[in-house]
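To start, the structure itself, in structure tokens.
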Amino acid sequence: MQTFPKKLTRRNFLTFSALGGLSYMRFWEPHWLHVRRQEIVTGKAGSNAPLRLLQLSDLHASDVVSLAYIESAIALGLAEKPDLICLTGDFITSVYDQFDGYSGILAKLARHAPTYATLGNHDGGLWAGRTYGYPDSQSVRGMLATAGIDLLHNTYRDVVIGGRKLRVVGLGDKWSAELFPLLAFPADSPVADDVFTIALSHNPDTKDDLAGFPWDLMLSGHTHGGQLLVPLVGAPFAPVRDRRFIEGLHRWNDRWLHISKGVGNLHGMRFNCRPEVNLITLA
């Protein structure tokens, strides 16, 4: 005797839909990486050749973000042949035990192009020590040093790449109470008119703290683009005060802000907010 499946009820439909949605959020979208490409006309003198800047943010190595996945993100970024690489914090999520392997992966960046980094709130310090991480950032600092990456912690570097004069300024993390712009932008080292200044600051809310200092472009992360974007609601979980700036490229007070959605995630989930590596062309 032939049998037929039971009638699909509304309850079964909703159950299957919910399970499908959770599976997508957990097993598909968090790994659906892509390259987001944008261009900025700097208006500064220098080389006529464009400069390709790769930003990687919020790698969040953890039990739900593997080193293999991070390595694939790095490979995706390096395939864009960047001239300059900037890393904007949250290399880990909490206590971590694979720093040797991690530094070997990150070293691929430094071997390709000048690579500068700043720290995020998860990388150790006041905020991390009070939650579920390290009370200081020595583990992440050591990893970056081993990888040959220049950590800019409330300091700067002047560089010339392809004939273009740049100042790269790295700020300490706001939530970790390590943001000291007076050290990063010393009054006795003014920026020349033909220099394009890039500020690396993990949390985009720091734009207000940096309003009185000379910079042209601020690169941030921290928000994960909201990580879970709810239709008709937006990004209810974005951890920022100024909710105008959760992701993407924006103009603010005649300057540029770029907030990356990031590579990794917290709790292994993303919805309607794909992870990304960012290529910004400075024209």
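Within region 196-212, which residues are touching a helix residue (DSSP H, G or I) at 6+ places or on another chain (Cβ under 9 Å) and crowded, with 16+ Cβ neighbours inside 10 Å?
Ala199, Ser201, His202, Asn203, Thr206, Leu210
Being acidic (Asp, Glu), assigned to a helix (DSSP H, G or I) and either touching a strand residue (DSSP E or B) at 6+ places or on another chain (Cβ under 7 Å) or at pLDDT below 95 (or both) is true for just one of Glu80, Glu29, Glu71, Glu39. Which residue is that?
When all the criteria are applied, what remains is Glu29.
Would you be able to say whether some residue in region 100-117 is in contact with a Phe, Trp or Tyr (Cβ under 9 Å, 6 or more places away or on another chain), touching a residue at least 60 places away in the same chain (Cβ under 8 Å) and of a type outside the set (D, E, K, R)?
Yes, there is a match, as at least one residue in region 100-117 is in contact with a Phe, Trp or Tyr (Cβ under 9 Å, 6 or more places away or on another chain), touching a residue at least 60 places away in the same chain (Cβ under 8 Å) and of a type outside the set (D, E, K, R).
Spot the failing condition for Gly21; the list is (1) at pLDDT below 95; (2) within 30 Å of Arg167 (Cβ to Cβ), and only one is missed.
It fails just one condition, (2).
Does Asp63 qualify as being closer than 28 Å to Ile40 by Cα, assigned to a loop (DSSP other than H, G, I, E, B) and either modelled with pLDDT of 95 or more or over 17 Å from the mean Cα position of the chain (by Cα) (or both)?
Here the answer is no, as Asp63 does not meet what is asked.
Could you check Leu266 against (1) out of contact with any Phe, Trp or Tyr (no Cβ under 8 Å at 6 or more places or on another chain); (2) modelled with pLDDT under 95 and say which number it fails?
Just one mismatch for Leu266, condition (2).
Mind checking whether some residue in region 96-106 is touching a Ser or Thr at 6+ places or on another chain (Cβ under 8 Å), more than 30 Å from Val159 (Cβ to Cβ) and of a type in the set (Gly, Ala, Ser)?
Checking region 96-106: not a single residue is touching a Ser or Thr at 6+ places or on another chain (Cβ under 8 Å), more than 30 Å from Val159 (Cβ to Cβ) and of a type in the set (Gly, Ala, Ser).
The values are calculated or read from the model by the stated rules, or taken from the named source; none is laboratory data. Since the structure is predicted, the reported quantities are computational estimates derived from the model, not experimental observations. Please note: Cβ atoms are built from the backbone with ideal geometry, for glycine as well, and neighbour counts cover all protein chains shown.
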